Amino acid sequence: MDEFKRDDPNVIIPLTSTLPRVEETIVIQRESSAGWWAVGILCSLVLVVAVWLLTRPDGADDLTDLRLAQAEAAAAEAQATAANAVTATSATVNDRVAIAQAEAMEARADAVRATQEARAAEAQAAEPIIVERATAVRPAASNGTAVVTSTSPQP
């Protein structure tokens with residue numbers, strides 16, 4: 001029956017190899033120098049601080065502290081002066097705005113008053129207008145009382 005399978009064209013017969021099979025794993029790593037740079041910068045910083053601490057004079061601390069305190073006091077005083085100036089300026093501006101609004105209202109009232117006086121003067125200076133029209137006179141009532149209507153002449 002094995003011969004039958006070998007003659008069949010649809011059957012693939014595996015080939016056996018005499019060489020041993022070896023598997024390899026390749027790992028690729030890139031070399032990074034960032035860590036060394038960080039260590040170098042840190043070491044140089046420590047060295048600079050150490051040199052500065054060792055070479056500074058001892059008496060300079062008192063003078064430096066005194067000048068620093070004076071500068072802080074001057075800054076606080078300037079800040080307080082600026083705050084007072086802003087408050088005073090704000091109050092002055094608010095007062096000036098209120099005064100300007102009051103003057104504007106007074107000017108408007110004066111303008112309205114002047115307009116009314118001008119109209120009154122114009123009305124007095126103009127010739128009187130006389131309207132004539134014919135009216136019908138009603139006879140007086142029989143009981144002797146006068147009846148006034150809108151069309152009867154007014155004495």
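The values are calculated or read from the model by the stated rules, or taken from the named source; none is laboratory data. Predicted, not measured: the structure shown is a model, and the values here were computed from it. Neighbour counts run over all protein chains shown; Cβ positions are idealised from the backbone, glycine included. Heads up: the accessible areas ignore ligands, DNA and RNA and are worked out on the full protein's heavy atoms, side chains in. Shrake-Rupley method; radii C 1.70, N 1.55, O 1.52, S 1.80 Å.
Here Pro14 clears all of (1) assigned to a loop (DSSP other than H, G, I, E, B); (2) modelled with pLDDT of 70 or more except the condition numbered (2).
Assess whether Ala88 counts as being part of a helix (DSSP H, G or I), at pLDDT 85 or above and surrounded by 10 or more Cβ atoms within 10 Å (Cβ to Cβ). No.
Residues to consider are Thr55, Thr115; find the one that is surrounded by 10 or more Cβ atoms within 10 Å (Cβ to Cβ) and of a type outside the set (Asp, Glu).
Details: Thr55 fails: surrounded by 10 or more Cβ atoms within 10 Å (Cβ to Cβ).
After applying the criteria, what remains is Thr115.
Between Thr64, Thr25, the distinction of being at pLDDT 75 or above, of a type in the set (S, T, N, Q) and either open to solvent by less than 100 Å² (accessible area, probe 1.4 Å) or not in a loop (DSSP other than H, G, I, E, B) (or both) belongs to Thr64 only.
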